[in-house]
Structures are given as structure tokens and as C-alpha cells.
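So the structure is just underneath, and the comments pick up after that.
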Amino acid sequence: MNCPENEVSELTGRRHEIKKELFRKSIHILSAAVPFFLHIAYWPVISLLSLVVVVYCISEYARIHGRKIPLISTVTALAARKRDEDRFVLGPVTLSCGILITALLWKNDYTIGIFALAFGDGSASLAGKLFGRVEVPFTDGKTVAGSLTCMLAIFLSSFAVSRNAGVSLILSLVGMVIEILPLRDFDNLLIPVCIGGLASVLL
């Protein structure tokens with residue numbers, strides 16, 4: 001039976017974990033603004049995103065070798081999961097590359113793919129942390145609540161762009177299946193690229 005000190009410690013740890021997840025997923029959700037800027041200045045935004053990836057990789061290499069770069073290293077440390085401690089934090093790279101590849105491959109439908117990443121994947125983990133009680137077997141801790149939230153978010157964001165309920169439902173189901181796989185940070189690549197590509201075929 002847990003003593004009060006252990007219960008307090010567990011509660012504090014859970015709150016800290018949720019705060020980190022809120023910070024991480026706020027970055028995901030903010031990426032929903034990228035299509036707006038791509039519509040205004042496509043190639044400058046592509047160039048800027050590419051530069052962000054390069055600068056971040058240099059910063060991470062410096063950080064894991066004990067040399068912190070102001071702001072970037074601090075933000076990375078705040079967003080890093082426990083599994084990423086003292087390791088190269090890959091999430092921002094796969095997030096940026098997922099957006100870049102989607103924008104380059106699907107010039108007519110990148111908005112749907114990027115929205116799926118921003119809102120679908122962005123909300124899934126947070127919902128799982130807050131409300132997830134039932135885990136999906138063989139998925140490295142993914143929860144039913146998180147997966148259903150992902151599906152709903154992708155459906156709503158896809159419908160907002162396409163106004164096609166049938167296609168939006170297909171996209172949301174495919175997005176949920178990708179999100180539920182134990183891909184770690186690589187779902188940042190697969191979700192926008194696959195959803196954007198599928199949207200380009202179906203719409």
C-alpha cells in the first residue's frame with residue numbers, strides 16, 4: 001500500500017509529465033499555421049523550415065556534448081520526454097521534415113496533411129495522458145482515448161478543408177491507424193505525408 005509521500009510524489013510526477021506534454025503538443029498545434037504562410041510565400045517558408053532543421057540539429061549535437069545554445073537548448077529540454085533524456089531529441093526534426101516533405105510532395109493538399117499532424121497527432125497524446133485508462137495492446141502505451149481523439153481531430157480538420165464527409169472519415173481512420181502504431185517520433189513523418197497523399201488521390 002502506497003504511503004502518503006509516495007502518492008504525493010506520483011501526483012507531482014504526473015503533473016510534471018502533463019505539463020511537458022502540454023508544452024510539446026502546443027508546438028504540434030502551432031504548426032497548423034504553416035499552411036497559411038505557405039500560401040503566402042511558399043519557397044521562403046520551405047527555405048526557413050529547412051534552416052530550422054539544420055540549426056536545431058547543430059543545437060542538439062552541441063547540447064548532448066555539454067554546450068548549450070541559448071533558447072533552443074532550453075526549449076528542447078523543456079519539451080523532452082523522459083526517454084529522450086541525454087539523447088538527441090528527434091521529435092522536432094521529424095515534425096519539421098514531415099511538414100516539409102508533405103508541402104513538397106502534395107502542393108494541392110498539403111494543408112490537410114499538415115492539419116492531420118497538428119491537430120490529430122497533437123491531441124492524441126495529450127488526451128491519452130489526461131483521459132487514457134484503457135491501453136491498446138502491442139502499441140507501446142497508446143490509449144483508446146488518445147486514438148479516438150486523433151480520429152475525431154483529423155476528421156474535423158479534414159472536413160474543414162475539403163467539405164467532404166466521406167473522404168474526411170477515410171482520412172481520419174487511416175490517420176488513427178498510423179498514430180496507433182508504436183512508431184515513436186516517426187509518426188510525425190508518416191501522418192502528414194500519408195494523409196496528404198491520400199487526400200490528393202481521393203479529392
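FYI, it's all coordinate maths here, none of it is from the lab. Everything numeric here is computed off the predicted structure, so don't read it as measured data. FYI the Cβ positions are ideal-geometry reconstructions off the backbone, even for glycines, and counts take in every protein chain you see.
Brief remarks follow.
- Evaluated at q = 0.10, 0.21 Å⁻¹: base-10 log I(q)/I(0), Debye formula over Cα of the stretch 84-203: -0.27, -1.09
- Projected label points at Ile46 and Asn164, each 7 Å from Cα along the beta carbon direction, are separated by 2.4 nanometres.
- Burial order of peptide ranges 142-153, 180-191 (average beta-carbon count within 10 Å, highest first): 142-153, 180-191
- Potential extension, Ile101-Leu156 segment - 0.36 nm per residue separation minus Cα distance: 17.5 nm
- Here the calculated FRET efficiency for Asp185 and His39, from their Cβ-Cβ distance with R0 = 35 Å, stands at 0.80, rounded to the nearest 0.05.
- Loop chymotrypsin sites (Phe, Trp or Tyr not before Pro), the stretch 117-182 (other Cβ atoms within 10 Å of the site Cβ: 11 or fewer; DSSP): Phe138
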